[in-house]
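Note sheet for the following structure.
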Amino acid sequence: MISLSCEAILFDMDGTLVDSKACVESIWERWALKHGIDVHSLLQTSHGRRTEDTIKDVAPHLDIEAEAKALQTEELATRKGIVAVGGSFQLLSRLREDQWAVVTSASRALATVRLECAGLPVPSQLISGDDVHCGKPDPEGYLKAADRLGVPYDHCVVVEDTPVGILAGHSAGMTVLALATTFAPEHLLGALWVPDFNQVEFSMT
């Protein structure tokens, strides 16, 4: 059991609060097959990033806006198998609304759908991919969430599951806890990690 003390917890969503890995990967796999893109390489870089940023990297010749919009439409309609990560509901139920936020690369609409599908509350402070100029690994989203909560950056814990998210949290000057839900521990950049929220205790100051 790991114990952490902080004023606020800033959660990523996919792979952190919500287990949507099978759903996310099946959509990307179909898209990659359609466009002749190597699926394995794509999945190594797509997790944790905004859709348009991934497309820019792997297929800059495509109409990025149109492709991202089509993928979002499919994501909004694909809800099967989306569940809460272990211990997430219990943890959120103990937090006041001014003690937590979600910072996700997903759109606000998609984040709302996935949280609701998993039976989790939608926070009063939700920073989506729509709300930032630069996606992860840029720290903009985490800095914005802390500012909205009125909590100093070094009093926040970021919970992430991807290398780009971990980099964003560290760049924001925050403590980072990783969940080994999407990547194996050896790919989590040396971050403190747990398998799910049943293995961590938060002391809110």
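The values are calculated or read from the model by the stated rules, or taken from the named source; none is laboratory data. Here the structure is a predicted model, which means the values were calculated and not measured. Here the Cβ positions follow ideal geometry from the backbone for every residue, glycine too, while neighbour counts run over all protein chains shown. Ligands, DNA and RNA are stripped out before the accessible areas are found, and what is left, the full protein with its side chains, is counted by its heavy atoms. Shrake-Rupley method; radii C 1.70, N 1.55, O 1.52, S 1.80 Å.
Over 26 Å from LEU76 (Cα atoms) and not β-branched (Val, Ile, Thr): is that true of ALA168 in this structure? In short, no. Candidates are the residues of segment 179-193 that are assigned to a strand (DSSP E or B) and within 16 Å of the chain's Cα centre (by Cα); the one that is farthest from GLU140 (Cα to Cα) is TRP193. Looking at (1) touching a Cys at 6+ places or on another chain (Cβ under 6 Å); (2) under 27 Å from HIS133 (Cβ atoms); (3) charged (D, E, K, R), which is the one condition that is false for ASP12? With (1) touching a Cys at 6+ places or on another chain (Cβ under 6 Å); (2) under 27 Å from HIS133 (Cβ atoms); (3) charged (D, E, K, R) applied to ASP12, the lone miss is (1).
Taking every residue in segment 45-72 that is closer than 26 Å to HIS187 by Cα and pairing it with any residue that is among the basic types (Lys, Arg), at least 6 positions away or on another chain, the pairs with Cβ-Cβ distances below 8 Å are GLY48/LYS136; ARG49/LYS136; ARG50/LYS136. Checking each residue of segment 97-108 against the condition of being over 18 Å from TYR142 (Cα atoms) and open to solvent by 10 Å² or more (accessible area, probe 1.4 Å) gives no match.
Determine whether VAL176 is open to solvent by less than 40 Å² (accessible area, probe 1.4 Å), out of contact with any Lys or Arg (no Cβ under 6 Å at 6 or more places or on another chain) and either not in a loop (DSSP other than H, G, I, E, B) or not hydrophobic (A, V, I, L, M, F, W, C) (or both). So VAL176 fits the description; yes. Of the set (1) more than 11 Å from the chain's Cα centre (by Cα); (2) within 20 Å of ASP196 (Cα to Cα); (3) touching a residue at least 12 places away in the same chain (Cβ under 8 Å), all apply to GLU116 but (3). Looking only at segment 71-90, filter to residues that are modelled with pLDDT of 90 or more and in a loop (DSSP other than H, G, I, E, B); which one of those is surrounded by the most Cβ atoms within 10 Å (Cβ to Cβ)? Looking at residues that are modelled with pLDDT of 90 or more and in a loop (DSSP other than H, G, I, E, B), I get VAL85.
Matching residues to (1) at pLDDT 95 or above; (2) surrounded by fewer than 18 Cβ atoms within 10 Å (Cβ to Cβ); (3) within 27 Å of ILE27 (Cα to Cα):
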site	(1), (2), (3)
VAL113	yes, no, yes
PRO121	yes, yes, yes
GLY129	yes, no, yes
GLY135	yes, no, yes
PRO139	yes, no, yes
GLY150	yes, yes, no
ASP154	yes, yes, no
VAL159	yes, no, yes
VAL164	yes, no, yes
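ARG49 meets each of the listed conditions (1) of a type outside the set (Gly, Ala, Ser); (2) farther than 20 Å from ASP131 by Cα; (3) in contact with a helix residue (DSSP H, G or I) (Cβ under 9 Å, 6 or more places away or on another chain); (4) in a loop (DSSP other than H, G, I, E, B) apart from (2).
All conditions but one from (1) free of Cβ contacts under 8 Å to residues at least 40 places away in the same chain; (2) in contact with a Phe, Trp or Tyr (Cβ under 9 Å, 6 or more places away or on another chain); (3) open to solvent by less than 10 Å² (accessible area, probe 1.4 Å) apply to LEU17; the one that does not is (1). Within segment 6-26, the residues that satisfy the criterion of being more than 15 Å from ARG94 (Cα to Cα) and either under 14 Å from the mean Cα position of the chain (by Cα) or part of a loop (DSSP other than H, G, I, E, B) (or both) are ASP12, MET13, ASP14, GLY15, THR16, VAL18, ASP19, SER20, LYS21, VAL24. Of the residues VAL102, VAL164, VAL158, VAL151, the single one that is more than 13 Å from the chain's Cα centre (by Cα) and of a type in the set (Val, Ile, Thr) is VAL151.
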